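Trainee: The structure follows.
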Amino acid sequence: MELTPELIVRAYAGGVFPMAESGNSAQVHWFEPRRRGIMPLDGFHVSRSLRRRRRRGAYRFSCDQDFAGVMVRCADRSETWINPGIISVFKELHEIGLAHCVAVHDTDGAFVGGVYGLAMGGAFFAESMVSGATDGSKLALAELVARLNAGGYALMDTQYLTPHLASLGGIEISRASYRQALDAALMTPADALRAFGPATAPDGAIWQLEEPVDRQMTDQE
């Protein structure tokens, strides 16, 4: 089955997403996990040390400046589900304004971290993130969460919950709860320009918090 932007949009709106067996595999499989990973946008954990590093001004944050580069870095690992077909269709989605990336560089221009995903309505589907230096993916994810909050997004889907995401505040909810949250988020008007437009990110709520927030979405069948 050929991956097209239209197919991806329909699938994600229905709670389904594709993954390849490997970066060299031409075939993709479609998944809808029984337990879905999400990142509550009011519950992202930012450590004091990470916040201090951000405030020192040692990093440059950008959005949508090198979408293909971030995707390729995410796929450039020994085990990956991102094959050429997925890269190609997400480049198309980026060109029509639906797929976005956040990247972090140090003051010398070296890549520190990045994350990319798909925005539809008030939902953002975070596809993959990558670190080029210590805490790089954490910095990129925190920047993304700040942007989503600034744009009024209602849901951040992470597909699965990894120990890394759990340490940052990620949780699992049931498939039924996810579908309800997704339907509501798709109907939520969000300001994509405010979230993804500026090349230089605003200081979002995540970076202004004095203490990490620890609030979780209620999981109900």
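Trainee: Filter the range 60-95 down to the residues that are of a type in the set (A, V, I, L, M, F, W, C) and part of a strand (DSSP E or B), then identify the one that is surrounded by the most Cβ atoms within 10 Å (Cβ to Cβ).
Mentor: Among those residues, the one meeting the criterion is F61.
Trainee: Could you grab the pairs with beta carbons closer than 6 Å, sequence gap of 6+ or different chains, first residue in the range 186-206 and within 26 Å of R55 (Cβ to Cβ) and surrounded by 15 or more Cβ atoms within 10 Å (Cβ to Cβ), second one modelled with pLDDT of 50 or more and of a type in the set (F, W, Y)?
Mentor: If the second residue must be modelled with pLDDT of 50 or more and of a type in the set (F, W, Y), the pairs left are A201/F61; I206/F44.
Trainee: Can you confirm whether L144 is in a helix (DSSP H, G or I), closer than 15 Å to L193 by Cα, among the hydrophobic types (A, V, I, L, M, F, W, C) and in contact with a strand residue (DSSP E or B) (Cβ under 7 Å, 6 or more places away or on another chain)? If you could, list the steps in order and put the result at the bottom.
Mentor: Values: in a helix (DSSP H, G or I): yes; closer than 15 Å to L193 by Cα: yes; among the hydrophobic types (A, V, I, L, M, F, W, C): yes; in contact with a strand residue (DSSP E or B) (Cβ under 7 Å, 6 or more places away or on another chain): yes.
In short, yes.
Trainee: Something else now. Scan V130, V102, V145 and give me the residue that is aliphatic (A, V, I, L, M) and surrounded by fewer than 23 Cβ atoms within 10 Å (Cβ to Cβ). Before the answer, list the steps.
Mentor: Values: V102 fails: surrounded by fewer than 23 Cβ atoms within 10 Å (Cβ to Cβ); V145 fails: surrounded by fewer than 23 Cβ atoms within 10 Å (Cβ to Cβ).
After ruling out the rest, the residue left standing is V130.
Trainee: Read through the list (1) within 22 Å of S177 (Cα to Cα); (2) touching a Lys or Arg at 6+ places or on another chain (Cβ under 8 Å), then give the number of the only condition that C63 fails.
Mentor: For C63, the exception is condition (1).
Trainee: Turning to a different aspect of this structure: Report yes if some residue within the range 118-138 is in contact (Cβ under 8 Å) with a residue 60 or more places away in the chain, in contact with a strand residue (DSSP E or B) (Cβ under 8 Å, 6 or more places away or on another chain) and among the β-branched types (V, I, T); otherwise report no.
Mentor: yes
Trainee: Taking the options G114, G121, G152, name whichever one is surrounded by 22 or more Cβ atoms within 10 Å (Cβ to Cβ) and either within 8 Å of the chain's Cα centre (by Cα) or not hydrophobic (A, V, I, L, M, F, W, C) (or both).
Mentor: Values: G121 fails: surrounded by 22 or more Cβ atoms within 10 Å (Cβ to Cβ); G152 fails: surrounded by 22 or more Cβ atoms within 10 Å (Cβ to Cβ).
G114 is the lone residue from the list that is surrounded by 22 or more Cβ atoms within 10 Å (Cβ to Cβ) and either within 8 Å of the chain's Cα centre (by Cα) or not hydrophobic (A, V, I, L, M, F, W, C) (or both).
Trainee: All but one of (1) among the β-branched types (V, I, T); (2) under 29 Å from M1 (Cβ atoms); (3) touching a Cys at 6+ places or on another chain (Cβ under 9 Å) hold for V102, so report the exception by its number.
Mentor: (2)
Trainee: Between a first residue in the range 48-67 that is over 16 Å from V102 (Cα atoms) and a second residue that is surrounded by 15 or more Cβ atoms within 10 Å (Cβ to Cβ) and small (G, A, S), which pairs have beta carbons less than 9 Å apart while being 6 or more apart in sequence or on different chains?
Mentor: These pairs meet every condition: L50/A142; R51/A142.
Trainee: Can you find, within the range 74-98, the residue that is farthest from the chain's Cα centre (by Cα) among those that are touching a residue at least 12 places away in the same chain (Cβ under 8 Å) and over 19 Å from P18 (Cα atoms)?
Mentor: Selected residue: I96.
Trainee: Any chance the range 17-39 includes a residue that's in a loop (DSSP other than H, G, I, E, B) and on the phi > 0 side of the Ramachandran plot? Spell out how you get there, then give the answer.
Mentor: Restricting attention to the range 17-39, the residues satisfying the condition of being in a loop (DSSP other than H, G, I, E, B) are 21-27, 32-34, 39.
Cutting the leftovers down to on the phi > 0 side of the Ramachandran plot gives us none.
Within the range 17-39, not a single residue is in a loop (DSSP other than H, G, I, E, B) and on the phi > 0 side of the Ramachandran plot.
Trainee: Give me the pairs, please: first residue somewhere in the range 3-29 and within 18 Å of R179 (Cα to Cα), second residue anywhere and surrounded by 13 or more Cβ atoms within 10 Å (Cβ to Cβ) and among the hydroxyl-bearing types (S, T, Y), beta-carbon distance under 9 Å, and either six or more positions apart or on two chains.
Mentor: G15/Y178
Trainee: Output the residue which, of all residues in the range 152-164 that are among the hydrophobic types (A, V, I, L, M, F, W, C) and either assigned to a loop (DSSP other than H, G, I, E, B) or at pLDDT below 95 (or both), is nearest to V46 (Cα to Cα).
Mentor: Per the criteria, the residue is L161.
Trainee: Would a scan of the range 170-179 turn up a residue that is crowded, with 18+ Cβ neighbours inside 10 Å, at pLDDT 95 or above and under 20 Å from C74 (Cβ atoms)?
Mentor: Looking through the range 170-179, at least one residue is crowded, with 18+ Cβ neighbours inside 10 Å, at pLDDT 95 or above and under 20 Å from C74 (Cβ atoms).
Trainee: Of all the residues that make up the range 23-59, how many are surrounded by 14 or more Cβ atoms within 10 Å (Cβ to Cβ), farther than 24 Å from A142 by Cα and modelled with pLDDT under 95?
Mentor: 3
The values are calculated or read from the model by the stated rules, or taken from the named source; none is laboratory data. Remember, predicted model here, so these are calculated numbers, not experimental data. Note that each Cβ is placed from the backbone with ideal geometry, even for glycine, and that neighbours are counted across all protein chains shown.
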